[in-house]
Amino acid sequence: MDQNSLNEICRIQLEMSGVHEGESVVVLSQGDERLDYADAFLNAGRTLGAKIYHMRLPTPQPGSGSWEVGISQLAQNAEAVEALKQADMVVDLIFLLFSPEQMAIQAAGARVLTAVEPAPLLARLMPSKEIRERVEVGAEILSKAKNMRITSPHGTDITYKLGVYPTISEYGYTDEPGRWDHWPAGFVFTGGADDGVDGQIVLGMGDVLLPFNSYVREPVTYTIEKGFVQDIRGGIEADLIKSYMDAFKDPRGNGMSHVGWGLDERANWHGLTQFPGGMGMELRSFYGNVMFSTGPNNELGGLNDTACHLDIPMRDCSLFLDDEPIVIDGDVVVKEMQPSS
Ligand SMILES: [Fe+2]
């Protein structure tokens, strides 16, 4: 994508995120990553009359841990964190999610937008007010539910007790103080009670393993009791999942993390074939997917902050909230969450 096109989509993004004259916006990057994005956001912010600047951290030292999710070199830079807390909005080109520093920045009232996916994907899945409305309908329904049940033709049958953790909406832009979002996105999620997830999940062919950025080819059966994975069985993918999780040497990686469904009809299930180097936001967002995850729940306010985190969007599932159907066989059945055209 040429710089002018990138400038333009970043201008639309900041406009949708409510950036206006006199607001302070910081674009945060590190090393030589995404400097073209930084330029585009700076240009966009100036066009909108914001006080905008670029905070560029050095390339993390190898072995410093700063390449791991949830560990940021901001942890050693209190002055930088203070400056980010003073901003109205932070554009995160690093991926600070799960870090205590991001939580502190949000708690201070700054809204945070993460933008790390390939530029053509940012352009193709530009946020829209219409998807935001449908995501917010989903969040409203989810936030009131006490119980979630997920089933599938492959043999999934699992129940999440809800009501402990908040519901999070992601629709790809953010115009409310202290709110985080990730561009692109179109989904809702919450978490089950720490000891309140029980049953079995069976991944079928074509379900998606993130962060492996791969598709399941042989069924994988998870057995879950009282909020923890007890057993993972299957073929090669089951072995890969177990090997990956074992490497963290952290039993909290077996905790059940967030769970929800996707609502962006423009997002493609086959997206990994087009953007194998991305973070998988398209796969988290595709319409009617049901995504469960394992590992940390600190994003929701829980105590589990393990770095062992998998997100697994699944096809063909049915999802019920307090016995009311929300997704049936991979299709959203609540009219207010369906695309208008
Ligand atoms: Fe996740």
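For this structure, a couple of remarks:
- Selected residue [small (Gly, Ala, Ser), surrounded by 16 or more Cβ atoms within 10 Å (Cβ to Cβ), out of contact with any Ser or Thr (no Cβ under 9 Å at 6 or more places or on another chain) and farther than 20 Å from Gly262 by Cβ] from Ala83, Ala115, Ala78: Ala83
- Any chance Leu272 is in the same structural domain as Val137 (by TED's automatic domain parsing) and closer than 21 Å to Ser318 by Cα: no
- Residue within segment 46-60 that is at pLDDT 95 or above and under 23 Å from the mean Cα position of the chain (by Cα) present: no
- Filter result for Gly295 (within 16 Å of the ligand (Cβ to nearest atom), modelled with pLDDT under 95 and on the phi > 0 side of the Ramachandran plot): no
- All positions within segment 258-292 that are away from the ligand (no atom under 12 Å from the Cβ), under 23 Å from Ile158 (Cα atoms) and among the small types (Gly, Ala, Ser): Gly262, Ser285, Gly288
- Residue, farthest from Gly301 (Cα to Cα), within segment 205-218, restricted to residues that are in contact with a Lys or Arg (Cβ under 7 Å, 6 or more places away or on another chain) and touching a residue at least 24 places away in the same chain (Cβ under 8 Å): Gly206
- A Cβ distance below 8 Å, combined with a sequence gap of six or more or placement on separate chains, defines the contacts here; from segment 24-42, residues that are without any contact (Cβ under 8 Å) to a residue 40 or more places away in the chain reach residues that are of a type in the set (Val, Ile, Thr) and surrounded by fewer than 17 Cβ atoms within 10 Å (Cβ to Cβ) in the pairs Gly31/Thr59; Asp32/Thr59.
The values are calculated or read from the model by the stated rules, or taken from the named source; none is laboratory data. Note that this is a predicted model, so its numbers are computed, not measured. So basically every Cβ, Gly included, is an ideal-geometry build from the backbone, and we count neighbours across all protein chains shown.
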